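> Take this structure first; my questions come after.
A short reminder: the numbers here are calculations on the coordinates, not readings from a lab. The structure displayed is predicted, hence computed values, not measured ones. Glycine also receives a Cβ, built like all others from the backbone with ideal geometry; neighbour counts cover every protein chain displayed.
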Number of protein chains: 2
Amino acid sequence: MEEPMATAVETGTFGERLTHVANRNNSLLCIGLDPVLDRFQPSVHSDDDLTRAIVAFNAGVIAATSDLVCAYKPNLAFYLAYGRAGVAALEETRRLAPDHIPVILDAKVGDMANTAEAYATAYFDTWGFDAVTVNPYLGEDSLAPFMRRPDRGVIVVCKTSNPGSGDLQDLSTLDGDRQQSLYLTVAERVASWAERWPATLGLVVGATYPEELAAVRRRCPRAPILLPGIGAQGGDLEGSLHAGLDASGAGLLVSASRSVIYAGSSQVGDWTEAVRNAAAGLRDSINAIRGIGA
Amino acid sequence: MEEPMATAVETGTFGERLTHVANRNNSLLCIGLDPVLDRFQPSVHSDDDLTRAIVAFNAGVIAATSDLVCAYKPNLAFYLAYGRAGVAALEETRRLAPDHIPVILDAKVGDMANTAEAYATAYFDTWGFDAVTVNPYLGEDSLAPFMRRPDRGVIVVCKTSNPGSGDLQDLSTLDGDRQQSLYLTVAERVASWAERWPATLGLVVGATYPEELAAVRRRCPRAPILLPGIGAQGGDLEGSLHAGLDASGAGLLVSASRSVIYAGSSQVGDWTEAVRNAAAGLRDSINAIRGIGA
C-alpha cells in the first residue's frame, strides 16, 4: 500500500469538527467543488495542464470562501471524468482546504467485504477525507469499514433530489410490522447504526422534498443532514430549513455547487469576487431564515 | 474534457460481444482484476513503481487466461486505494485486454443528473470500458446516462452475496398491488428498462443465494447475470448455475478474483502458470455442470 498522505483531519469527531466550523463561520453552507473545465473563467481554463487548471480553480474558490462555509464537498465523478489528471487534482484539492474545515468526498460508495475496505483505505487513508457519502443498498456490513472510524463521517444517501428518486426510495416497505417508505426505513437504520458505530452518521436528503425531510428529521433528531438540490436544481430553501434544522437550529449542510462556483465564469478580471458574493449571499439567506443576523 | 482515449470497444452490443467471446472461449468465467500489492508474487511486487507493478501483474493474469474467459472485471476500489498511481494502472489495464474481450468496470455507481453524466464520461469515454456495474437506489433517471449507450452494458446490483445484503434487499415491498422483496422489484425494473433503453441491461446476483437467483432469472430470462461469490466467498457453484443459466445454457458471468489471480502468489518461478491452472479448472468445472466437455 502507498504511504498514506499527510491528512488534514483534525482531532474530535466529524460531527464536532463540523459544529465547530459552522459556529466559527456562522454558516451552514457546504460548497460542492465539481470542476467542469468548460465552465472555468478563460484565464483559468487556458492552462494546458489539466491538473493545474483544476487545482487553480478550486484554490480560487476555497480562498474566496473559507470564512463562509462549514464544509467543502468535491464529487468524485467530476475528477474521474478527467482520468488520472483529475485524480491528481482531487488529491491536491484535499490538501488545499484549510485544516479546520471538513472535506466530504461525495462518492455515494457501496460495495462489500474486502472491496469496501479498499474504498475506505482510498477515501480515508490514501486521500484523507473527513467524511464520505455512501449508498445503503448493500446493507450494514457493506458500510462497516467506514462506520468503524471514530473520527470520520459517513453520510448515507436516503432521499435524493432527482425526479426519479421515488422509483425505489418511495416504495412502501414492510419492516417488522411497520409499513413505510423505503427511505424512512433507511433513516431508521441510520438512527440505529449511529448508536452502535463510532463514526458520525449523517444522511443525504434532497431540498426538493421538504415534507420527506421533516419525516427523516423526526427519525434522526441529531444527525447532520446534507441537503443538495438548492440552486441549480431549484429546491425549496425556506421549506427545507424549516423541515430539516435540528433543535439547536443547525444540523444541516446546505450544499450548493454550480450556482456558487461558476458565479464568476463570465466575469472579466477577478472571478473569485463573484464566487465570494454568491457564497455570502446564500449563507446570509440561510441565516436570515434561521433568524440569525449576518 | 480530456481527449477520449482510443477505446477497445468493438462493434455490436455488449450482449452480442459477450456471447461471441463466451462461445469462442467456451467459457462463462469472468476474472476480477483486483490488485493487492502485498499478495503479488515477490518478483512482481518488488517493482518500486506502483503503476508498473500493478500493470505487470494484470498483464501476467491476462496473458495467462485470455483464451479461458468471457470477460475481465477490474473493481475500481482496488485502484483508487493506490491513489493516482492506481488510476494510471487502471487506465493501462483497460488497454492491455485483447480487443475482443469485454472489460467490465465494477464501480457500483449511482448518482444523478450532471454527476451521473460525468461518471458515464469517465467510465465509458475517458477510460473506454465496455460495461459498468450500477446501484439502482437513485432510480431510473440516475442510470439514464449509462443506459442510453447502445454499445455498452449496464449491470444493475440486485441481490448481493454479502451476509448483510438482506438488510434492505430482502425488505418486503408493495409495488402496485404486489408484495415482494425489494431485490425482485429491482429485477422487474431492470426487465422493464431493458425494453426501453438501448444498452444491454444485466444484473448482479450473488452465488451465495441460489434460490433468489432463480427468482431473478424468472423475471429476466434473457439478461446477462454477473455472479460473484464463488471462490473466496464460498458460494454454491452448482446450485447457482442450475438456478441462473438462461434457456440457451449461458447468460451467466461467473466472477472469480482472489481464488484465481493469487493462485500463484507463493509460487517460485512462473506464477502465471498457477493462475492459468486455477482459471482453467474453474472454467472446466462450470462447463461440466453445464454438461459441456472441456
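> In region B:51-74, how many are assigned to a helix (DSSP H, G or I), within 14 Å of chain A (Cβ to nearest Cβ) and either basic (Lys, Arg) or closer than 12 Å to residue B:33 by Cβ (or both)?
3
> Going through region A:153-166 one residue at a time, which ones are assigned to a helix (DSSP H, G or I) and of a type in the set (Ser, Thr, Tyr)?
A:165
> Can you pull out the residues in region A:81-130 that are of a type in the set (D, E, K, R), out of contact with any Lys or Arg (no Cβ under 7 Å at 6 or more places or on another chain) and within 30 Å of residue B:256 (Cβ to Cβ)?
Those that are of a type in the set (D, E, K, R), out of contact with any Lys or Arg (no Cβ under 7 Å at 6 or more places or on another chain) and within 30 Å of residue B:256 (Cβ to Cβ): A:108, A:117, A:125.
> Let me ask another. Just to be sure, is residue B:269 touching a residue at least 40 places away in the same chain (Cβ under 8 Å), of a type outside the set (Ser, Thr, Tyr) and in a loop (DSSP other than H, G, I, E, B)? Walk me through how you get there before you give the answer.
Numbers: touching a residue at least 40 places away in the same chain (Cβ under 8 Å): no; of a type outside the set (Ser, Thr, Tyr): yes; in a loop (DSSP other than H, G, I, E, B): yes.
For residue B:269, the condition - touching a residue at least 40 places away in the same chain (Cβ under 8 Å), of a type outside the set (Ser, Thr, Tyr) and in a loop (DSSP other than H, G, I, E, B) - is not met.
> Within region B:16-32, is even one residue of a type in the set (A, V, I, L, M) and either within 21 Å of residue A:113 (Cβ to Cβ) or within 12 Å of chain A (Cβ to nearest Cβ) (or both)?
The answer is yes, given that some residue of region B:16-32 is of a type in the set (A, V, I, L, M) and either within 21 Å of residue A:113 (Cβ to Cβ) or within 12 Å of chain A (Cβ to nearest Cβ) (or both).
> In addition: Which condition from (1) over 28 Å from residue B:107 (Cβ atoms); (2) crowded, with 22+ Cβ neighbours inside 10 Å is the one that residue B:238 breaks?
The one condition residue B:238 does not meet is (2).
> Which members of region B:167-198 meet the condition of being more than 7 Å from chain A (Cβ to nearest Cβ), free of Cβ contacts under 8 Å to residues at least 12 places away in the same chain and either outside any loop (DSSP other than H, G, I, E, B) or under 18 Å from the mean Cα position of the chain (by Cα) (or both)?
Correct list: B:178, B:179, B:180, B:192, B:195, B:196.
> Now for a separate question. For region A:75-90, give me each residue that is assigned to a helix (DSSP H, G or I), within 7 Å of chain B (Cβ to nearest Cβ) and closer than 14 Å to residue B:118 by Cα.
A:77, A:78, A:80, A:83, A:87
> May I pose another question? Could you list, in sequence order, all residues of region A:107-130 that are at the interface with chain B (Cβ under 7 Å from one of its Cβ atoms) and β-branched (Val, Ile, Thr)?
A:115, A:121, A:126
> Would you point out which residue out of A:164, A:128, A:110, A:139 is buried (at least 24 other Cβ atoms within 10 Å of the Cβ) and in contact with a helix residue (DSSP H, G or I) (Cβ under 7 Å, 6 or more places away or on another chain)?
Of A:164, A:128, A:110, A:139, the one residue that is buried (at least 24 other Cβ atoms within 10 Å of the Cβ) and in contact with a helix residue (DSSP H, G or I) (Cβ under 7 Å, 6 or more places away or on another chain) is A:110.
> In addition: Condition test on residue B:98, is it free of Cβ contacts under 8 Å to residues at least 12 places away in the same chain, more than 21 Å from residue A:90 (Cα to Cα), more than 14 Å from chain A (Cβ to nearest Cβ) and surrounded by fewer than 24 Cβ atoms within 10 Å (Cβ to Cβ)?
Details: free of Cβ contacts under 8 Å to residues at least 12 places away in the same chain: no; more than 21 Å from residue A:90 (Cα to Cα): yes; more than 14 Å from chain A (Cβ to nearest Cβ): yes; surrounded by fewer than 24 Cβ atoms within 10 Å (Cβ to Cβ): yes.
Against the criterion (free of Cβ contacts under 8 Å to residues at least 12 places away in the same chain, more than 21 Å from residue A:90 (Cα to Cα), more than 14 Å from chain A (Cβ to nearest Cβ) and surrounded by fewer than 24 Cβ atoms within 10 Å (Cβ to Cβ)), residue B:98 does not qualify.
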